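The structure appears below as structure tokens.
The values are calculated or read from the model by the stated rules, or taken from the named source; none is laboratory data. Since the model is a prediction, treat every value here as computed from it, not as a measurement. Neighbour counts run over all protein chains shown; Cβ positions are idealised from the backbone, glycine included.
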Amino acid sequence: MGTTPEQPKGQPEEPKEERSKGEQIAAPVLSALHNLWLVGLGAVAVAGDEAAKAVDALMAKGKEVEPSVMEKGKKVGESLGDAAEEVGVRIRDMAARVGKRAEAAEAMMDERVRAALERMGYANKDDLEKLSAKIDALMSRVEDLASRRGKKQGGEGEQ
């Protein structure tokens, strides 16, 4: 074990053969991995800085345009309210027209059913009311006749 001129006296020289081949291969790989790690950390740091700057710029721009956007939104809201009111009026109007048409259709249907029943010979309400009145009159006459007959028969038995 000798010493080399670059190496101070008293320190033994590290023989190159004593370093294992694994250490010789691992050293450059570890160095490359460490550099890659540093690149990743740097990218995260730069991205963080840039993201913070971008967020600040976006917030500033948002504050700048907020009043005009709010005004436009208010106008749109008012327009939508007016449109909704107009649609409501139209719907009510249409519902009224549909109701009138439904009533007219119902009246027409009633008339057609009445005419069909009349052609088939069925009695209508007026006919039934007249018949009921005649029956009431006949019942009254029958009761009068029965009452007279009862009196007549009761009077014969006494004589």
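Going residue by residue through segment 71-79, is there one that turns out to be part of a helix (DSSP H, G or I) and polar (S, T, N, Q)?
Yes, segment 71-79 contains a residue that is part of a helix (DSSP H, G or I) and polar (S, T, N, Q).
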All-but-one check, Asp49 against (1) in a helix (DSSP H, G or I); (2) more than 47 Å from the chain's Cα centre (by Cα); (3) modelled with pLDDT under 90, failing number (2)
Take segment 100-159 and flag every residue that is in a loop (DSSP other than H, G, I, E, B) and either touching a helix residue (DSSP H, G or I) at 6+ places or on another chain (Cβ under 6 Å) or among the polar types (S, T, N, Q) (or both).
Asn124, Gln159
Among the residues of segment 1-22, what is the count of those that are at pLDDT 60 or above and either surrounded by 10 or more Cβ atoms within 10 Å (Cβ to Cβ) or hydrophobic (A, V, I, L, M, F, W, C) (or both)?
1
